[in-house]
Structure formats: structure tokens, C-alpha cells
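Note sheet for the following structure.
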Amino acid sequence: MDLVLNLFCWMNTWPNRMVFREDGVEYILPIYEHFNVALYISYYIMNVFLHIQSFSSITVCIHRLSTAIYENSNMFWSKYFLLVYLFILVYSFLATQLLNLNKVEFDYQLRAFRPTLLTEEQRLENRLYLRFFIAGYLLVIIFIGSLTLCKVRKRLSNESSQHKSLLRKMSQITIAHTCIYALLLLWQIASPFLVYNNSVNVLMTVSDMIMFSMAYILLIFDGNVRSAIRDKIPFTIMIRGRVSDIQSTHNDSSRVIVM
């Protein structure tokens, strides 16, 4: 579910990416002129996804913690995970209401999109809003991740070697995921010192890293995921099929020679 949400979030960022790219103006301008509300909705949902991604990451950490503590925790998650993510969606939309969103207008003389200016008070509120939520999410993830590592270490001495390997992988995934998520907080600290367009570009880069980080983390640390993907790739299956055909042909020819 976390990966699916990240994929939708990444797709939703593209209208805003095109707005602040010189080569994207000609594609996004017709949408701005005929259906301007679509850009605002996309921008609004992009801010909603800030909370969805963060709470989803926290949920993933809680799932790992419960797995380390309770052997039957997966039964609970398989039964109630849809309700959990429904709560995340409702919470995220409510939290976004506290943010001052600026609209984007097109300057026909400069042939470029420009964000409308917010008051100094609104900008200060936005900075406090973002730093409060992101710092809070990060601290929660670090706390749950650290608690998970402690619980895993206690269980390692009493578990089989196979289960030990699984718990170690889970620990590595937790550490890597927490470190990557910390980049969001670093961006928030540096964003006031960046030009708006540069700030957007940095945000998009960091956002991409976070959105697809879990997929790469699983590929690096989880051999089962690598094996599953390797078995599903058509090219690999085709190569294996050809190798097996060659081997069977070679075996048949060997039989003929022997006879």
C-alpha cells in the first residue's frame, strides 16, 4: 500500500513540475487557460500527500515494530489496514486545511508561471506548519525505529538462524528508510534560502528519492524481493527458456551420439 500511494503521489506532482519548467509551459498552458482549477487541485493534493506519505511511513514502522513484538501481528494488519489508511486520508485532508496555499498565475509578457505572493505572516505560518509536522513525523519514525531495533535484538538470541536473518533485514530497512526520510527535514531547513524555482526543483528531487526509496531499499536488503522480481521479468524467463532449450538439445544430441 505504501508503494502504491507513493506512485500516485509521484504522478500527481507532474502538473506542478511542468508549471516551473521552461519546456513544460506550452503543454500546461492550455490546461491553465481552460481548466485552471485542475492545477490548484493537483497542488492541493500534493500537499495532502506530504501527510499521507509521512503517516504511511509511520504505519510501516509500526507494522515492523508489532512484527518484532507479536508473532500474530500480521493477522491484525491484514484485517484492518484499509481502515488505517482511511484514517490517514481523512487526517491528511484535515491537516492540509491549516496551510496557506498560494495560487499560480501565468505572465503572458514573460511567458512564465509565477506564484502569487503571500503575506509575511502567511509565509511564517507555512514555515512553522511544515517544520512542526515534518519534525514531528521524523521524530516519531526515529523513535519507533529505535524501539524496533531494541525489540529485535532481544529476540535474536532466542530465534532460529532463518528468523534472525529476517529480523536483521527488517532492522536494515528501518535504518535506511529513516535516513532517507530525514532529507525532507533538511530540505525544509534550507528552503528559505533558495529561490522559489530552485526550491521546487529540490523538493521534486527529494520527493522522488523518498517516493521510490522503499522499493530500492527492499531490492538492496531483501533477497526474496529480488528473487520474486527476477522470476517475473519476461527477459529473464526468455533467457532461461532458451538456455533450457539449448541444454535439452545438447542432451538429445548426446544421446544420439552415444547410440
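The values are calculated or read from the model by the stated rules, or taken from the named source; none is laboratory data. Only a predicted model underlies this, so the values are computations on that prediction, with no experimental measurement involved. Glycine also receives a Cβ, built like all others from the backbone with ideal geometry; neighbour counts cover every protein chain displayed.
General observations
- Residue check for Leu65: touching a Lys or Arg at 6+ places or on another chain (Cβ under 8 Å), of a type outside the set (Val, Ile, Thr), under 22 Å from Leu139 (Cβ atoms) and crowded, with 18+ Cβ neighbours inside 10 Å: yes
- Test: residue in segment 75-83 that is exposed (fewer than 15 other Cβ atoms within 10 Å of the Cβ), charged (D, E, K, R) and either on the phi > 0 side of the Ramachandran plot or part of a helix (DSSP H, G or I) (or both): yes
- Residue under evaluation Tyr91, criteria (1) touching a His at 6+ places or on another chain (Cβ under 8 Å); (2) surrounded by 19 or more Cβ atoms within 10 Å (Cβ to Cβ); (3) of a type in the set (Ser, Thr, Tyr), criterion not met: (2)
- Taken as a whole, the structure places Ile52 among residues that are at pLDDT 80 or above, in a helix (DSSP H, G or I) and farther than 20 Å from Asn102 by Cα.
- Pairing each residue of segment 79-100 that is in the same structural domain as Glu125 (by TED's automatic domain parsing) and closer than 15 Å to Leu130 by Cα with any residue that is in a loop (DSSP other than H, G, I, E, B) and among the hydrophobic types (A, V, I, L, M, F, W, C), provided the two are 6+ apart or on different chains, yields C-beta distances under 9 Å for Asn100/Leu118.
- Tabulated pairs, segment 55-74, first in the same structural domain as Tyr85 (by TED's automatic domain parsing) and in a helix (DSSP H, G or I), second of a type in the set (Gly, Ala, Ser) and crowded, with 20+ Cβ neighbours inside 10 Å, C-beta under 6 angstrom, 6+ apart or interchain: Cys61/Gly145
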